[in-house]
Amino acid sequence: MATTPNKPAVARKTGASRQRQTTHQGFLTHRNMYWAKLSGGLALVLILLYIFVPLPGTHFGASWLGYTLGTIGALLILWLTMLGMRKRAITPGRWSLKAWTSAHVYLGLLVTVIGTLHSGFYFGWNVHTLAWALMLLVVASGIFGIYAYATLPRALSANRYDEDGAITEKQMIEALRSLDRQIHDAAQPLDAQAAMLVGRSLEQDPFGGRIWNRVTGNYPDCATHSAIVELRALRASRQRTKDDLLGRIEAQLSRKEAMLERLRQHLKLKSWLQAWLFVHVPVTFALIAALSAHVVSVFFYW
Amino acid sequence: MSFVVRQIALKSSGEEIVRSSTYAMREMTVGRDSACAIHLPDLAVNPVHARIAQGADGVLTIIATTDQPFAVDGRSTQQAEIDPAVGGELAFGGHRIAVALDDDGERPVLTVRRVEAVSESAEERDMSAAYSLKGLLPGKRISAWGFALFVLFAFLAFPIYSYATYKPLAMNQDARRPDGIHGDSAWTSGPLSISHKALNNDCQACHTQAFVAVTDNACLTCHTKDAHNHIADKARLVQARGEPAGMAAVQRAVAGAFNRPAGRCVDCHTEHEGAGAMPATQQQFCADCHDGMKGRLPDTKIADAADFGTAHPQFRPTLVRGMDGDKPLFQRVAWGPGLQEDNGLKFTHGQHLSKTNGIAQMVRRMPGQFARSDALACADCHVADSAGARFQPVDMETSCQSCHSLSFDQIGGTFRTLRHGKPEQVVADLRAFYRSTGPVRPANLSGMARRVPGDAARQSTAADYARALRFYPGGAEQAINQVFSKGGMCNDCHVVTRGGTAQTAGFAIAPVAQNDRYFRKGWFDHKAHVQSDCTECHSGAATSNKATDLLVPGIDGKGGCRSCHVGGDGARLASVSVKDPVDSSCAMCHSYHMDAGAPWVPKNDRRKSEGQIAGRQTYRSERDLRQSVAIAERPRFPLKPH
């Protein structure tokens, strides 16, 4: 009898409860940050080696430690590039894509330490420093990508939710189409001048604009916005009638503008999620080219 | 007169719905207004955009009601005529109106069709593309190829092209590439040192062959005469370095495998280290060979050295060990306490620096004439040379003669002195003195002076005078003997023997040799030590009462260099306590290309190394600094081989 009070607790511990908790573990915290610890430890060891191994004070890259670091760094860069091939095959377990991505991220950070130590902090306007700079650029864009992946999806969701629930990308377009149809129908009685303003709003591509507009979410040439402003001015200058057609259209345009605002915010966040790869991937290949030139040049002018 | 208007709408399935209506009128309107016969619900169309009138011949005349035009067969206009029999197409905003005759050939048929969507958003679009950056940025694949090919071209193909173009210039001392951009200059791992600055743009001057490490022959193309010869036998040099151990051995093996042989000039004379002067020799650089070299080269005469503080052999000062005529014979002797050196003089430092004896008393009686007022000081005799590193030989006339006078006669107020350093002149002068002068003529022998009456006294005086006159020159030999013998002015300082010629009356002065540099394999600079008292290092000076005592300090002991100087990294022996240690690497005293000057120091490091040598000493002016070390403008090359 004395043991009964403990029983429920024991039962929960055995997992007999039907409540099950599944927590998503991202690639950053995969395996209790195994790769982060490994990379951090390696970086520390390499820095200590760099400081304490007695070597001739000439070009560090030409010492045995320098050559070793250079070889490891080059192979590591090639392996990191392999993620592009590896990610197309999703597998579970120890060598899962998540594990691979985790290793990619943390070993990618480690490669900056390896590359910089390999340089011996000796920089100039040459192919060697070019390769180093491209490496930093790739890693920096990758760090930005991680930042984007870690923070933006939340903002993306928040943007999609309103009091009526979430809205999908398809629904965003449909909503705009619906609004456009309504505006189109409502605007039929308008005179030529007002109809032209409304027409501009309808004819403007909601996905238009340049990369700059997309990334900043700032569209100074928004036809819907200018239509609202000009219609408002038009309405103010005209005699007020019982049937406030301009007022109704203005209200509909405002609804469209709000919808556009949300779409553009969505596009902005999505562009941030994607844009870094447009640096990360091409510069990686430029880096591999520069790395090849670096290695060949060293042996060429031995 | 009538028109047929067919409005065509599209079902979502794509099927067409045709609504046909007939208007029996001559003229009808086209516009957005629902009152128009042809009603176009299109915001790009005016409420009443145009009128279509049918002429008697059946030709349709279309006239715009406002300034806003419409299109006929793709061309914008305000007015047009269309023969329905021929046909035509009108465009208003997003609508097309095809004009034709009906099947009967009687009435014109206007087929109205919406061709543009109500709005841009209503257009069909690829969702995944629309929400991506497609079209806004160049594709990843194309830019990856573009960047990679650009880099490969600019930094691989172009440099190889440059190399191939100018390869024939290799091994030619005067061949230079023209100014301009050469692809392979992007391969440089750093600028060349100042002495090779002119070659910065000429990679092929040293890198003569692709994938072949820089050869000695490339160096010797220009360095035909001045390539030094530290050790003539290169095999001995490599042997002295010994076999590399540990990771260095691995590197050696890998380098060998990659066609990078050891023992080349560039092993030590590394380049591309930056645009300064060549760097100062590092201690490790020397110790690589000299640490434990006896073990690797048993027949070497050079003692092992690795660090001044802990592993440096005892000094071996060069001492005068006899004379060959006037030339001193030198010999390097290991330093030890009580070491003697005979310079031919009887000078004792202790006696002259004493503060209590007659010498000190004399100084006290002549205030202002000596460096100090209570006794002689070092500076009274020892004067630094122009560089300040060493001292001028002590000069008899300026340093000794004020006390050790060589005067022997006075004429008026002028003293006549014997000629120092010329014993034959001394002898000649003394003989001449006694020959050309005579005893003073007695007053009573001449003139009308008063005298003792009588001839006897006069005869006696005359006889005395005649005898004095007769024997006067003989006094010269006596004087000469006196001067050279004990108690004479020569004998005070010099060792005098009887082995001379008749010219010197049989006397001979032992030759004197003042040693101007004791440490000839190392460098010592007195200027760098001016803050110290002389006796801090020359600690025996005040008490040395033997002329042959060597007062130069050794490495250890009282006044030894290790009293202040520790190893390059501050290492020192446990037995030595140093108050203000001065880190001293090999290059402070030794130079690979040792000559009579100071060890070579890179221009950039001169001030620093200056401070290092001088300890905490600060120089008041740049001139002082320059005087302190004889600064070499370039690495010196040895005047004579080892």
| said: Only four residue types carry charge here, +1 at the Cβ of Lys and Arg and -1 at the Cβ of Asp and Glu. Report the dipole size of segment B:1-131 about the Cα centre in Debye, rounded to the nearest 20. | reply: 300
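Extension gain B:Ala71-B:Lys355, at 0.36 nm per residue separation less the Cα-Cα distance, in nm?
Numbers: separation 284, 0.36 × 284 = 102.24 nm, distance 12.68 nm.
Taking 0.36 nm per residue and subtracting the Cα distance, the gain is 89.6 nm.
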| So which residue, out of A:Gly209, A:Gly115, A:Gly124, gets the largest mean-square fluctuation from a GNM of chain A using Cα contacts under 10 Å as springs? | A:Gly124
| task | Mind checking which of A:Phe60, B:Ser373, B:Ala205 is farthest towards the positive end of the protein assembly as shown's charge dipole, using Cβ charges of +1 (Lys, Arg) and -1 (Asp, Glu) about the Cα centre? | result | B:Ser373
| Ordered by packing density, taken as the mean number of other Cβ atoms within 10 Å over each peptide's residues, highest first, how do B:328-339, A:279-290, B:285-296 rank? | A:279-290, B:285-296, B:328-339
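Apply the a/c threshold of 1.5 to the C-alpha gyration tensor of segment A:161-275 and tell me whether it is rounded, prolate or oblate.
Working: a/c = 2.49, a/b = 1.81, b/c = 1.38.
Cα axes put segment A:161-275 in the prolate bin.
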| query | Peptide A:193-202: average number of partner chain Cβ atoms within 10 Å per residue? | reply | 4
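Per DSSP H run of at least 4 residues, take -39500 (n - 2.57); add these up for chain B, divide by its residues and hand me the 222 nm value, nearest 500 deg cm²/dmol.
Values: 18 runs with 147 residues, N = 642.
The helix-only estimate for chain B comes to -6000 deg cm²/dmol at 222 nm.
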| query | Angle between the Cα long axis of helix B:247-257 and the longest principal axis of chain B, 0 to 90 degrees, nearest 10? | reply | 70
| request: Using the number of other C-beta atoms within 10 angstrom as an exposure proxy, rank B:Arg177, B:Arg125, B:Arg416 with the fewest first. | output: B:Arg416, B:Arg125, B:Arg177
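Using the structure shown, select from B:Lys422/B:Lys546; A:Lys87/A:Lys270; A:Lys270/B:Lys134 the pairs with a Cα to Cα distance greater than 22 angstrom.
On the way: B:Lys422/B:Lys546 26 Å; A:Lys87/A:Lys270 20 Å; A:Lys270/B:Lys134 12 Å.
Long pairs (Cα-Cα over 22 Å): B:Lys422/B:Lys546.
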| task | Would you mind checking segment A:84-117 for residues with the amide N under 15 Å from a putative spin-label position 7 Å along Cα→C-beta of A:Leu38? | result | A:93-111
| query | What residue among A:Ala251, A:Ala158, A:Ala89 has the largest mean-square fluctuation in a Gaussian network model of chain A, using Cα springs under 10 Å? | reply | A:Ala89
| task | Only Lys, Arg, Asp and Glu count, each charged at its Cβ (+1, +1, -1, -1), so figure out the dipole size of the protein assembly as shown about its Cα centre, rounded to 20 debye. | result | 3960
| message | Can you find, among B:Val112, B:Ala100, B:Ser13, the residue sitting farthest towards the positive end of the charge dipole of segment B:3-119, where Lys and Arg contribute +1 and Asp and Glu -1 at Cβ? | response | B:Ser13
| remark: Assertion target for B:Lys558, B:Lys327, A:Lys268, ordered by fewest C-beta neighbours within 10 angstrom first, is B:Lys327, B:Lys558, A:Lys268
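About its Cα centre, what dipole magnitude does chain B give when the only charges are +1 on Lys and Arg Cβ and -1 on Asp and Glu Cβ, stated in debye to the nearest 20?
Values: 72 positive and 67 negative charges, 1066 e Å.
Here chain B has a charge dipole of around 5120 debye.
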| Out of every Cα-Cα pair in chain B, what percent are more than 35 Å apart? | 69
| message | If I take the Cα coordinates of segment B:3-119 and project them onto the principal axes, what are the three extents in Å, biggest first? | response | 41, 35, 27
| said: Using helices alone, I'd like the mean residue ellipticity at 222 nm for chain A: each DSSP H run of four-plus residues gives -39500 (n - 2.57), total over residue count, nearest 500. | reply: -24500 deg cm²/dmol
| field | Whichever aspartates and glutamates have a C-alpha closer than 20 Å to that of B:Lys11, once near sequence neighbours (fewer than 8 apart) are set aside | value | A:Glu174, A:Asp180, A:Asp185, B:Asp42, B:Glu116, B:Glu120, B:Glu123, B:Glu124
| note | Checking A:Ile183, A:Ile90, A:Ile77 against a Gaussian network model of chain A (alpha-carbon springs below 10 Å), the top fluctuating residue turns out to be A:Ile90
| Which is farthest toward the positive dipole end of chain B among B:Leu353, B:Leu445, B:Val495, measuring Cα position about the Cα centre, with Cβ charges +1 (Lys, Arg) and -1 (Asp, Glu)? | B:Leu445
| remark: Measuring from the longest principal axis of the C-alpha atoms of chain B, the long axis of helix B:455-471 (C-alpha) lies at a number of degrees, nearest 10, equal to 40
| field | segment B:538-598: C-alpha gyration tensor shape, a/c 1.5 cut-off, then a/b vs b/c | value | oblate
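Tell me whether the protein assembly as shown comes out rounded, prolate or oblate; compute the Cα gyration tensor, take square roots of the eigenvalues as a ≥ b ≥ c, and use a/c under 1.5 as the rounded threshold.
Values: a/c = 3.84, a/b = 3.06, b/c = 1.26.
Prolate shape, in that a/c is at least 1.5 and a/b is the bigger ratio.
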| query | What is the order of A:Trp95, B:Trp145, fewest Cβ neighbours within 10 Å to most? | reply | A:Trp95, B:Trp145
| query | Hey, what do the phi angles of segment B:578-585 turn into as Karplus ³J(HN,Hα) couplings, whole Hz, using 6.51/-1.76/1.60 and θ = phi - 60°, x for Gly and Pro? | reply | 10, 7, 10, x, 10, 5, 10, 8
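FYI, it's all coordinate maths here, none of it is from the lab. Computed from a predicted model, the values in this text were never measured in an experiment. Cβ atoms come from the backbone with ideal geometry, glycine included; neighbour counts cover every protein chain shown.
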